[in-house]
C-alpha cells in the first residue's frame with residue numbers, strides 16, 4: 001500500500017493517459033489518432049524540458065537543439081539508402097553507405113543528444129540563472145545556423161524525406177509513460193531534491209552544501225537525453241526532418257504548455273500539454289470552418305496563435321504557478337502528513353518577502 | 001589597409017546599432033528586471049508600419065509614402081505607443097514577480113505581436129524601398145563608404161551621444177540611472193516608479209522605431225522575423241557586458257557587432273554562412289572566462 005501511495009503521482013498521470021489512448025485507439029478517427037500521437041510526443045519533449053526547467057527554475061529556450069540533433073542523427077542512420085550518397089555526400093563513409101537498424105539508431109541518436117547536452121551544460125551551467133536562460137537560446141541559434149548551412153550533411157534548409165515511420169500512438173504512449181517515470185524518480189532522488197532546493201533559494205541551498213553547478217548539470221544532461229528521445233519520435237512519426245521545425249515557434253509552443261500547466265510539477269507538464277493540445281486542435285478546426293445550424297462559420301487564420309499567447313499571459317498574470325499550482329497529484333486518503341507541501345510554501349513566502357525590493 | 005578601414009567602418013556601424021538595441025534592453029532590465037523579447041517585435045512593427053496591411057508582396061506605402069521627416073515621426077511614434085501599451089497591459093501587472101516569469105511573459109508578448117503581424121500582413125517577406133538615394137557610396141578621404149553604412153553609423157552614434165547626455169545631464173535621466181542601480185532605494189528617495197518605467201519603455205520604443213527604419217533602408221525587405229536576430233544579438237550584448245550594467249550593454253553591443261562584421265570579412269568564403277554561429281560561440285567562450293559579464297554589477301547576484 002505504501003508503495004502504491006508513493007507511486008500515486010505517476011500512476012495518476014499514466015493511467016488516465018492510457019485510458020484516453022485506448023479510447024482513441026478503439027473509437028477515434030485516424031485524424032484524432034494522429035493529433036493525439038503528436039501531442040504525446042510533445043509531452044515527451046515537455047517532460048524533458050520540465051526535468052531541467054521545472055526543477056531548477058531556469059527556463060531553457062534551447063532544448064529544441066537536442067531534439068534536432070537526435071532527429072538528424074536518426075535520419076542519417078535510417079533514411080533513404082539510395083539517395084543518401086548523393087544528397088548527404090558529406091557524411092562519414094560508414095554512415096553514408098550503410099543503413100542501420102531502427103533501435104540502435106534511436107539509441108545512439110538519443111545518446112548523441114545527451115552528450116551534446118552534457119558538453120554544452122559544462123559551459124552554460126556556470127552562468128547565473130538569467131544568463132543561462134539567454135545562453136540556451138544562443139545554443140539553439142548556433143545549431144540552427146550550422147544545420148541550415150551545412151548542406152552536404154544536413155541538406156541545408158531542405159527537408160529530409162523518407163524516414164521509416166514506425167511511431168504509433170502506443171509507442172508514443174509507452175515513451176511518454178517511461179519519461180514520466182524517469183522524471184518522477186529523478187525529482188524524488190537526492191540530486192533532484194538538491195536541485196529543487198536551489199530553485200527555492202540558491203544561497204541557502206549552497207550554504208547547506210549543494211553544488212549549484214553539478215545539480216544543474218545533471219538535470220540538464222538528463223533532460224537532453226529525454227529531448228533527444230522526443231526528437232527521434234518526431235522524426236519517425238513525421239517521416240521527415242527539417243531544421244525549420246526545431247526553432248522558435250515550436251519552442252514557444254512547448255514553453256507555453258509548461259507555463260500554463262504549471263512549470264514546477266510533473267502533473268503541471270502533463271496537464272498543460274493535454275489542455276493546450278485540445279485547445280489548439282479546437283481552434284485549428286474552427287479556422288478551417290464549422291457550421292452552426294445552417295450557417296458556415298470560421299475564425300480568421302492565425303487566431304490560434306493569438307489565443308495561445310493570450311492564455312499564457314493571463315495565466316502568468318493571474319495564476320503564476322499554472323493550472324496545477326506546482327503541486328503533484330497526491331494520494332487523497334493519506335494518513336501520514338509529512339508537511340512537505342506546507343514547508344515549501346513557507347520557504348516561498350519568506351523568499352517572496354525578500355524579493356519585494 | 002583600405003579594405004581593413006572599410007571593414008572597420010562597417011563594424012562600427014553595426015556595433016553602434018547593436019549597442020542601441022542593447023541599451024534599450026538594458027534600460028528596461030534595469031528598471032524592472034525584465035529581459036524584453038518583445039523588443040524584436042517593436043522593430044518589426046516599426047518596419048511594417050511603413051506599408052498598408054495587405055498580403056501583397058510589394059505593398060503600397062502607408063507611412064513610407066509620407067515626406068521623410070513626417071515618416072520618421074509617425075514610425076517612431078507608433079512604435080513608442082506600442083511599447084507603452086505592452087508595458088501597461090502585459091508587464092505592469094507582473095511588476096513584482098521574478099525575472100524568469102517576466103522573461104517568459106515577454107516571450108508570450110513577442111509571440112502575440114508576431115501573430116498579429118502575420119494576421120494583418122501575411123507571413124511572406126515583402127519588398128519595400130525607402131531612402132533609395134542614400135544607398136550610393138560616398139567618398140571620404142579617398143575611402144568609398146556605403147551611404148547606408150555611413151547613415152547608420154552617424155545616426156547610431158548621434159543617438160548614443162544624445163542618450164548618454166540625457167542619462168547623465170537631465171534630472172529624469174539621472175532618476176533612470178538611479179532606478180537601474182537600485183530600484184527600491186530610488187523610490188524611497190522620491191523617484192516615481194511608474195514614470196521611470198514608462199520612460200524606459202518609451203526610450204526602447206523610440207530606439208526600436210529608428211533602428212527599424214535603418215534596417216529597412218539597408219535591406220529593402222520586410223520580414224516577420226527581421227527583429228529577432230538584432231534582438232538576440234543585443235541580449236548577448238547585455239549578457240557579456242554584465243547584465244544590469246548600461247555601459248556594459250553598449251560595450252557588449254560593440255563587441256558582438258564588430259565580431260560579426262570581422263568574421264564576415266575575414267572568414268574563408270565557404271565558412272561565411274556560419275558567421276552567426278561563430279559569433280555566438282565566441283560570446284559563450286567569453287562567458288566561460290567571465291561568467292558574470294565584463295562589467296559586474298550588484299544586479300548580477302540576488303541580494304540575500
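The values are calculated or read from the model by the stated rules, or taken from the named source; none is laboratory data. Just so you know, these numbers come straight off a predicted model, no measurement behind them. Here the Cβ is made from the backbone with ideal geometry for all residues, glycine too, and neighbour counts use every protein chain on show.
Report whether or not residue B:103 is part of a helix (DSSP H, G or I) and either touching a residue at least 40 places away in the same chain (Cβ under 8 Å) or at the interface with chain A (Cβ under 7 Å from one of its Cβ atoms) (or both). Let's see the steps before the verdict.
Numbers: part of a helix (DSSP H, G or I): yes; either touching a residue at least 40 places away in the same chain (Cβ under 8 Å) or at the interface with chain A (Cβ under 7 Å from one of its Cβ atoms) (or both): yes.
For residue B:103, the condition - part of a helix (DSSP H, G or I) and either touching a residue at least 40 places away in the same chain (Cβ under 8 Å) or at the interface with chain A (Cβ under 7 Å from one of its Cβ atoms) (or both) - is met.
Yes/no matrix, rows are residues, columns are (1) within 12 Å of chain A (Cβ to nearest Cβ); (2) modelled with pLDDT under 90:
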site: B:234; (1), (2): yes, no
site: B:241; (1), (2): yes, yes
site: B:244; (1), (2): yes, yes
site: B:252; (1), (2): yes, no
site: B:255; (1), (2): no, no
site: B:258; (1), (2): no, no
site: B:266; (1), (2): no, yes
site: B:269; (1), (2): no, yes
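When you look at residue A:168, is it modelled with pLDDT under 95 and touching a strand residue (DSSP E or B) at 6+ places or on another chain (Cβ under 8 Å), yes or no? Steps first, answer last, please.
Values: modelled with pLDDT under 95: yes; touching a strand residue (DSSP E or B) at 6+ places or on another chain (Cβ under 8 Å): no.
Criteria not met by residue A:168.
In this structure, is residue A:229 buried (at least 23 other Cβ atoms within 10 Å of the Cβ), assigned to a helix (DSSP H, G or I) and more than 18 Å from the chain's Cα centre (by Cα)? Reasoning before the result, please.
Values: buried (at least 23 other Cβ atoms within 10 Å of the Cβ): yes; assigned to a helix (DSSP H, G or I): yes; more than 18 Å from the chain's Cα centre (by Cα): no.
Considered against the rule, which asks whether it is buried (at least 23 other Cβ atoms within 10 Å of the Cβ), assigned to a helix (DSSP H, G or I) and more than 18 Å from the chain's Cα centre (by Cα), residue A:229 comes out as no.
If you go through the stretch A:188-212 one residue at a time, how many are within 24 Å of residue A:65 (Cβ to Cβ) and under 22 Å from the mean Cα position of the chain (by Cα)?
From the stretch A:188-212, those within 24 Å of residue A:65 (Cβ to Cβ) are A:191-192, A:195, A:198-199, A:212; that's our starting set.
Restricting the remaining residues to those that are under 22 Å from the mean Cα position of the chain (by Cα) gives A:191-192, A:195, A:198-199.
Final tally of qualifying residues: 5.
Answer yes if at least one residue in the stretch B:181-201 is closer than 20 Å to residue B:254 by Cβ and either more than 14 Å from chain A (Cβ to nearest Cβ) or free of Cβ contacts under 8 Å to residues at least 40 places away in the same chain (or both), and no otherwise.
The initial filter retains those residues of the stretch B:181-201 that are closer than 20 Å to residue B:254 by Cβ, namely none.
No, that holds for no residue.
Give me a count of the residues in the stretch A:44-64 that are closer than 13 Å to residue A:253 by Cα, in a helix (DSSP H, G or I) and more than 13 Å from chain B (Cβ to nearest Cβ).
3
State the number of residues belonging to the stretch A:239-264 that are away from chain B (no Cβ under 14 Å) and in contact with a helix residue (DSSP H, G or I) (Cβ under 7 Å, 6 or more places away or on another chain). Can you show your working first?
As a first pass, look at the stretch A:239-264 and keep what is away from chain B (no Cβ under 14 Å): A:239-242, A:245-246.
With in contact with a helix residue (DSSP H, G or I) (Cβ under 7 Å, 6 or more places away or on another chain) added as a condition, the list becomes A:241, A:246.
Going through the stretch A:239-264 one residue at a time, the tally reaches 2.
Kindly indicate the residue of the stretch A:105-128 that is crowded, with 20+ Cβ neighbours inside 10 Å and more than 19 Å from residue A:70 (Cβ to Cβ) and also nearest to the other protein chains (Cβ to nearest Cβ) among those meeting that condition.
Checked the stretch A:105-128; the qualifying residue nearest to the other protein chains (Cβ to nearest Cβ) is A:127.
Within the stretch B:82-93, restricting attention to residues that are within 14 Å of chain A (Cβ to nearest Cβ) and farther than 21 Å from residue B:243 by Cα, which residue is surrounded by the most Cβ atoms within 10 Å (Cβ to Cβ)? Quick ask: steps written out before the conclusion?
Kept after step one, since they are within 14 Å of chain A (Cβ to nearest Cβ), are these residues of the stretch B:82-93: B:85-93.
From the residues that got through so far, the ones that are farther than 21 Å from residue B:243 by Cα too are B:85-86, B:88-90, B:92-93.
Working: B:85: 12, B:86: 24, B:88: 14, B:89: 12, B:90: 21, B:92: 15, B:93: 15.
Per the stated criteria, the residue is B:86.
Condition check ((1) away from chain A (no Cβ under 14 Å); (2) closer than 30 Å to residue A:131 by Cβ; (3) in contact with a strand residue (DSSP E or B) (Cβ under 7 Å, 6 or more places away or on another chain); (4) touching a residue at least 40 places away in the same chain (Cβ under 8 Å)) across all residues:
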| position | (1), (2), (3), (4) |
| --- | --- |
| B:55 | no, no, no, yes |
| B:59 | yes, no, yes, yes |
| B:80 | yes, yes, no, yes |
| B:95 | no, yes, no, yes |
| B:99 | no, yes, no, yes |
| B:127 | yes, no, yes, yes |
| B:143 | yes, no, no, yes |
| B:154 | yes, no, no, no |
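I'd like to check something: does the stretch B:268-281 contain any residue that is in a helix (DSSP H, G or I), surrounded by fewer than 23 Cβ atoms within 10 Å (Cβ to Cβ) and in contact (Cβ under 8 Å) with a residue 24 or more places away in the chain? Working first, answer last.
Taking the stretch B:268-281 and keeping what is in a helix (DSSP H, G or I), we get B:269-281.
Now narrow it down to the ones that are surrounded by fewer than 23 Cβ atoms within 10 Å (Cβ to Cβ): B:269-278, B:281.
Checking the rest, the ones that are also in contact (Cβ under 8 Å) with a residue 24 or more places away in the chain come to B:276.
Yes, some residue in the stretch B:268-281 is in a helix (DSSP H, G or I), surrounded by fewer than 23 Cβ atoms within 10 Å (Cβ to Cβ) and in contact (Cβ under 8 Å) with a residue 24 or more places away in the chain.
Out of curiosity, is residue B:113 in contact (Cβ under 8 Å) with a residue 24 or more places away in the chain and within 14 Å of chain A (Cβ to nearest Cβ)?
Details: in contact (Cβ under 8 Å) with a residue 24 or more places away in the chain: yes; within 14 Å of chain A (Cβ to nearest Cβ): yes.
So residue B:113 fits the description; yes.
State all residues of the stretch A:295-322 that are within 24 Å of the chain's Cα centre (by Cα), more than 9 Å from chain B (Cβ to nearest Cβ) and surrounded by fewer than 16 Cβ atoms within 10 Å (Cβ to Cβ); if no residue qualifies, say none.
A:314, A:319
When you scan the stretch A:8-38, how many residues do you find that are out of contact with any helix residue (DSSP H, G or I) (no Cβ under 8 Å at 6 or more places or on another chain) and part of a helix (DSSP H, G or I)? Working first, answer last.
As a first pass, look at the stretch A:8-38 and keep what is out of contact with any helix residue (DSSP H, G or I) (no Cβ under 8 Å at 6 or more places or on another chain): A:8, A:15-16, A:19, A:22-23, A:26-27, A:29-31, A:34.
Next, only the ones that are part of a helix (DSSP H, G or I) stay: A:8, A:15-16, A:19, A:22-23, A:26-27, A:30-31, A:34.
Counting residues in the stretch A:8-38 that are out of contact with any helix residue (DSSP H, G or I) (no Cβ under 8 Å at 6 or more places or on another chain) and part of a helix (DSSP H, G or I) gives 11.
Filter the stretch A:137-162 down to residues that are over 27 Å from residue B:107 (Cα atoms) and either facing chain B (nearest Cβ under 10 Å) or surrounded by fewer than 18 Cβ atoms within 10 Å (Cβ to Cβ) (or both), then give me how many there are.
Residues meeting the conditions: 8.
Residues that are over 13 Å from the mean Cα position of the chain (by Cα) and more than 30 Å from residue B:67 (Cα to Cα): does the stretch B:220-238 have at least one? First the steps, then the outcome.
Initially, the stretch B:220-238 is screened for residues over 13 Å from the mean Cα position of the chain (by Cα), giving B:220-225.
Filter once more, keeping what is more than 30 Å from residue B:67 (Cα to Cα): none.
Checked against the condition, which is being over 13 Å from the mean Cα position of the chain (by Cα) and more than 30 Å from residue B:67 (Cα to Cα), the stretch B:220-238 yields no hits at all.
Please go through the stretch A:165-180 and pick out each residue that is in contact with a helix residue (DSSP H, G or I) (Cβ under 6 Å, 6 or more places away or on another chain) and in a helix (DSSP H, G or I).
Hits for the stretch A:165-180 are A:169, A:172, A:173, A:175, A:176, A:177, A:179, A:180.
From the set of residues in the stretch B:275-304 that are modelled with pLDDT of 85 or more and closer than 18 Å to residue A:136 by Cβ, which is farthest from the other protein chains (Cβ to nearest Cβ)?
B:282
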